[in-house]
Amino acid sequence: MEHFSTRDIIVETVNKLFVYTDRQDWTKLQDEVFAADVLFDMSSLGGEKRTMPAREICEMWQKGFEGIDQINHLAGNYLVTITANQADVSAYATATHYKKAAVNGVREFVGTYDIHLVLQENGWRIDQFRYNLKYMNGNLELT
C-alpha cells in the first residue's frame with residue numbers, strides 16, 4: 001500500500017494542471033484540478049487578473065490551442081508551503097507549442113507560477129493562479 005504526503009498530493013495536483021492542459025483534457029482539469037472559481041492572473045502576457053469559473057478558463061485555453069499540433073509543459077523547482085487547509089506552490093515552467101504547418105513552427109514561454117490551493121471535500125484544488133513570464137522565444141505567432 002502506498003502512502004503519499006500532503007505535499008506529494010499537492011504537487012500531483014499542480015502536475016495535473018500541466019499534463020491535462022497538454023492533453024487538452026478539459027473535463028479532468030475542471031474535475032480534478034481547479035476549484036469552481038479561480039483568481040486567474042496571466043497579466044504578464046497581457047491578460048487581465050480576474051476571478052473566472054474553471055469552465056471559462058478551459059474554454060479560453062481550448063480556443064487558444066486550436067490549430068496547434070503539440071503542447072508541452074515542463075515544470076519543477078516546486079517550493080510548497082502548507083498552512084492547515086491551504087497551500088502555496090511556486091514553480092518554474094516552460095511551455096512549448098508546435099505547429100507543423102508554420103515556418104519554424106515552435107514557440108516557447110519561460111516563466112514561473114504562483115499557485116494557491118485549498119483543501120475541499122473533493123481534494124486539493126487550485127483557486128488562485130498567477131503566471132510570471134520571464135521571456136518568449138521562437139515564432140510567437142506560429143504563422
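Read-outs: derived from the displayed coordinates by stated rules, not from any lab. Since the model is a prediction, treat every value here as computed from it, not as a measurement. Using ideal geometry, Cβ is built from the backbone for each residue, glycine included, and neighbour counts are taken over all protein chains shown.
A compact table of results
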quantity	calculated
Charge tally in the Cβ shell below 13 Å around Tyr92, where Lys, Arg are +1 and Asp, Glu are -1, Tyr92 excluded	0
Residue range of the chain that is longest and free of GluC sites (Glu not before Pro) which are both DSSP loop and sparsely packed (at most 14 other C-beta within 10 Å)	67-120
Residue-averaged 222 nm ellipticity for the chain, from DSSP H runs of 4+ at -39500 (n - 2.57), nearest 500	-6500 deg cm²/dmol
For region 45-112, Kirkwood radius (reciprocal of mean inverse C-alpha pair distance, Å)	14.6 Å
Calculated SAXS-style log₁₀ I(q)/I(0) at q = 0.16 Å⁻¹ - the chain, Debye, Cα scatterers	-0.86
Members of Lys63/Lys99; Lys28/Lys134; Lys49/Lys100 lying beyond 26 Å, as alpha-carbon distances in this model show	Lys28/Lys134; Lys49/Lys100
